[in-house]
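Have a look at the structure below, then the notes.
The values are calculated or read from the model by the stated rules, or taken from the named source; none is laboratory data. Predicted, not measured: the structure shown is a model, and the values here were computed from it. Please note: Cβ atoms are built from the backbone with ideal geometry, for glycine as well, and neighbour counts cover all protein chains shown. For the accessible areas, the whole protein counts, side chains as well, though only heavy atoms, and no ligand, DNA or RNA atoms are used. Shrake-Rupley method; radii C 1.70, N 1.55, O 1.52, S 1.80 Å.
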Amino acid sequence: MKQIQLQILTFGIAKEIIGKQVFDIDLPENSTVQNLKNMLFEQYPELGKLKSLSIAVNNEYAESNYSLSTSDEIALIPPVSGG
């Protein structure tokens with residue numbers, strides 16, 4: 001099965017959990033945002049403990065069924081607190 005390589009940007013607590021600002025991940029071709037989340041939670045179980053984890057694709061929040069491609073800019077957006 002063909003694979004796509006995605007570059008992931010991390011922020012806040014997601015960056016602390018993963019330990020990197022930017023990293024690459026390989027997923028099967030035709031993977032969705034939900035497939036990416038599932039793999040991230042498998043590789044980094046602490047991410048699954050967050051209250052929420054949004055995924056932005058090309059500077060816009062992406063739905064779970066959004067189909068990913070190698071050219072996408074992907075960012076992990078953890079819960080934001082503040083006042």
Just for segment 62-78: of the residues that are touching a Ser or Thr at 6+ places or on another chain (Cβ under 6 Å) and assigned to a strand (DSSP E or B), which one is surrounded by the most Cβ atoms within 10 Å (Cβ to Cβ)? Leu76
Cross-chain or 6+ apart pairs with Cβ under 6 Å, segment 1-23 first and touching a residue at least 24 places away in the same chain (Cβ under 8 Å) and under 16 Å from Ala56 (Cβ atoms), then of a type in the set (Ser, Thr, Tyr) and open to solvent by less than 60 Å² (accessible area, probe 1.4 Å): Ile18/Thr10; Ile18/Tyr44
Inside segment 1-43, can you point out the residues that are assigned to a loop (DSSP other than H, G, I, E, B), in contact with a strand residue (DSSP E or B) (Cβ under 8 Å, 6 or more places away or on another chain) and not aliphatic (A, V, I, L, M)? Lys2, Phe11, Lys20, Gln21, Glu29, Asn30, Ser31
Residues that are at pLDDT 95 or above, assigned to a loop (DSSP other than H, G, I, E, B) and hydrophobic (A, V, I, L, M, F, W, C): does segment 44-61 have at least one? no
